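The values are calculated or read from the model by the stated rules, or taken from the named source; none is laboratory data. Keep in mind the model is a prediction, meaning the values are calculated, not measured. With ideal geometry, Cβ positions are generated from the backbone for all residues, glycine too; neighbour counts draw on all protein chains shown.
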Amino acid sequence: MIAIVVVALVHLLVGYALITGLAYEAVSKVVERVTTVDIEEPPPPPEEPPEEPPPPEPDTAPPPPVAPPPPISIAPAPPPIRTQPTIPPPAPPVLRVPPPAPPAPPPPPPPRFQPKNPSPRNGGWVTTSDYRSSWISREYTGTASFTLRVGANGRVESCSVTGGSAPSELKDATCSLIQRRARFDPATNGNGDEVAGNFSGSVRWEIPD
């Protein structure tokens, strides 16, 4: 009986030891799992570029004084003056001959015909019978100068009084009578063509007897 009790006690101790050892092992594993936390480490910060060194401060000290170089005289020596005991006579003046004048242009060729002015073909343009009784009673007398424009057909185209001593009534009558009565051979040019021309003359008014 004692042996059996001792064996039973031994078995109990062994079982207790086994049970307590397994429990401690399980508890330690749980505690290790609970206390162990996976913490991810943060990535390392990027490397900052190295700072550039600050620019050197300008030298504010004034530059050392520089003395100018001493002036150097570079004036050339004056040329020697040559004296001449006798003064030569002045050179004779240069005679400049003007260029000859260009030749005169040749004269134009002479006309084939000699130009001529109008010439009267008839006469008696003003007579004593043209006197009016009023002019006679007033004793109108004198001269009347005139200029006619004669056309290429020989007829008077216009008349203008240019002077004279006769009264204005006699001068006006002079142009009126000549324009109505005068006939001319017309003027001609250098080609022999009949052209218009001018004719000048005068008339003397006298009271009939």
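Worth pointing out:
- Within the stretch 135-179, restricting attention to residues that are over 16 Å from G201 (Cβ atoms) and aliphatic (A, V, I, L, M), the residue that is farthest from the chain's Cα centre (by Cα) is I136.
- Close pairs from the stretch 181-209: first on the phi > 0 side of the Ramachandran plot and touching a residue at least 24 places away in the same chain (Cβ under 8 Å), partner assigned to a strand (DSSP E or B) and surrounded by 15 or more Cβ atoms within 10 Å (Cβ to Cβ), Cβ under 6 Å, at least 6 apart: none
- Here A104 passes the criteria (1) of a type in the set (A, V, I, L, M, F, W, C); (2) more than 30 Å from C175 (Cβ to Cβ); (3) touching a residue at least 12 places away in the same chain (Cβ under 8 Å) except the one numbered (3).
- Search result, residues across the stretch 124-158 that are among the hydrophobic types (A, V, I, L, M, F, W, C), assigned to a loop (DSSP other than H, G, I, E, B) and over 13 Å from A173 (Cα atoms): A152
- Of the residues examined, A182 is one that is under 26 Å from R132 (Cβ atoms) and not acidic (D, E).
- Pairs, first free of Cβ contacts under 8 Å to residues at least 24 places away in the same chain and surrounded by 14 or more Cβ atoms within 10 Å (Cβ to Cβ) in the stretch 146-165, second part of a strand (DSSP E or B) and of a type in the set (S, T, N, Q), C-beta under 7 Å, six or more apart: V161/S145
- Any chance I178 is surrounded by fewer than 15 Cβ atoms within 10 Å (Cβ to Cβ) and either at pLDDT 95 or above or in a helix (DSSP H, G or I) (or both): no
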